[in-house]
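Here the structure comes first, spelled out in structure tokens, and everything after it is commentary.
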Amino acid sequence: RRLSAHICKELEQFVDFLDLRTNLLRKMEINVVEAEKRTGKNTVNMQETYTVYLIETRPAETVPEGGTPATPDTLWRRYSEFELLRTYLLVTYPYIVIPPLPEKRVSDAYLEGKVKNLYKFKFVWHKLSADNLDPDFVERRRGGLENFLLRVASHSVLSNDEIFFHFLTEGWRERVLETGFQDKADSRLKSLSAMFRVKNPDKRFTALKHYCDELNTVISQLLRVRARVADRLYGVYKVHGNYGRVFSEWSAIEKEMGDGLQSAGHHMDTYAASIDDILEEEEHYADQLKEYLFYTDAVRSVCRKHELIQYELEMAAQDLTHKKQQKEELATGTVRVFSLKGMTSKLFGQESQEQRESRLAALEQSIQEGEEAVKEKNTECQEFVRTAWEDIERFKEQKDKDLREALISYAIMQISMCKKGIQVWSNAKECFNKM
């Protein structure tokens, strides 16, 4: 018992050591501190306006009391460079659920899932511009890009990637293109073909796709309900603004009740003015939900890759079976199915013994190569399933933790907002009682 306890302790220390070595955030602080609008020429020599984001990194070391923290290293990156990095990670690590990027365009950001009814969500369009360079949208995207980098840096595998490290430092574009990852990317058509033609899909990955569909549906419903509630809330707050204006105008024509009406109007105006900050905070929680809405596509990407590997395994096994059947037919001289080869033999006579032996030898060699190919594909498939499932379990734990915290924080914010509303009416009531 003492020996097993000692071994467990040693294993825990070893795991902690590995975690310390692999988690980049333990060595480096990463922040996207600001965004800047720039103008320049694109690849087709056309003038364009775009946004760049300043990434700031510094060693994650404890600063002694009274000491000065290390000067951070900084560099600018465009959104398209973040996209290139994520595409590289998707191709290089197909068994990992790669963190999603925030929306690229405003029109996508405010559809709240797949709903496009602008009337229901007019509060969003009323407050926020549809310009991709709108400061509010750019700031939210800045936070989303920082979250993406932190997600990657906290992953035990992705954080060790050399290209990711160079993305955070200097000269990364040449290095990422040198990897040739673009040539390794599976075409969408190829993946779609594998999805429909695979004969024995893995039940676990089939269930995982259903899980993604359900998660997508639930989060979309949450976002739709939140948008409707926020729209109604916006109207309630603006009604209080109307109360404030009425009380203020009323106070001007009243002598005895003037002060009380003026005070009540002030409370109403203050309450109405707070809606902008509340909706901005709600958008922060909505972004956390949207991140997992986009995460469902990342999980589906893992499923598509598994289907492709499974399809290639089935094709290799089918080809091997066909070659073995050819060998058996050649050895026995019988043809099981109608074929051009069989008709030719009947019309022009059987081939010689030397020709048959030569074909048998070639088939034997081909069968050995086929068996090796099936073995390799089988090993690849098993390894993919093992590594992918480990990361999927990690993702599910992360998702449960993040969404629980986000929804609890949202509920606390709603409670605080309701308490403020009660306090406003209590203050207004006191003003009315003093009249």
Residue list for the range 392-433, restricted to those being more than 18 Å from residue 222 (Cβ to Cβ), surrounded by fewer than 14 Cβ atoms within 10 Å (Cβ to Cβ), charged (D, E, K, R) and under 31 Å from the mean Cα position of the chain (by Cα): 393, 397
Test: residue in the range 72-79 that is assigned to a helix (DSSP H, G or I), modelled with pLDDT under 95 and either open to solvent by less than 50 Å² (accessible area, probe 1.4 Å) or of a type in the set (Asp, Glu) (or both): yes
Residue in the range 159-177 that is open to solvent by less than 50 Å² (accessible area, probe 1.4 Å), modelled with pLDDT under 85 and part of a helix (DSSP H, G or I) present: no
Among (1) at pLDDT 90 or above; (2) open to solvent by 50 Å² or more (accessible area, probe 1.4 Å) - the single one residue 212 does not satisfy: (2)
Some residue of the range 361-376 being within 30 Å of residue 308 (Cβ to Cβ), surrounded by 14 or more Cβ atoms within 10 Å (Cβ to Cβ) and touching a residue at least 60 places away in the same chain (Cβ under 8 Å): yes
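For every residue, the table says whether it meets (1) at pLDDT below 90; (2) outside any helix (DSSP H, G or I); (3) open to solvent by less than 70 Å² (accessible area, probe 1.4 Å); (4) not hydrophobic (A, V, I, L, M, F, W, C).
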residue: 183; (1), (2), (3), (4): yes, no, no, yes
residue: 193; (1), (2), (3), (4): yes, no, yes, yes
residue: 208; (1), (2), (3), (4): no, no, yes, no
residue: 223; (1), (2), (3), (4): no, no, yes, no
residue: 226; (1), (2), (3), (4): yes, no, yes, yes
residue: 231; (1), (2), (3), (4): yes, no, yes, yes
residue: 238; (1), (2), (3), (4): yes, no, no, yes
Residues satisfying the stated conditions in the range 270-282, i.e. without any contact (Cβ under 8 Å) to a residue 60 or more places away in the chain and surrounded by 18 or more Cβ atoms within 10 Å (Cβ to Cβ): 272, 275
Total residues in the range 126-149, condition at pLDDT below 70 and buried (at least 18 other Cβ atoms within 10 Å of the Cβ): 2
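The values are calculated or read from the model by the stated rules, or taken from the named source; none is laboratory data. Treat the numbers as computed from the prediction; the structure is a model and nothing was measured. Cβ: placed from backbone, ideal geometry, glycine included. Neighbour counts: every protein chain shown. To get the accessible areas, we keep the full protein, side chains included, count just its heavy atoms, and leave off ligands, DNA and RNA. Shrake-Rupley method; radii C 1.70, N 1.55, O 1.52, S 1.80 Å.
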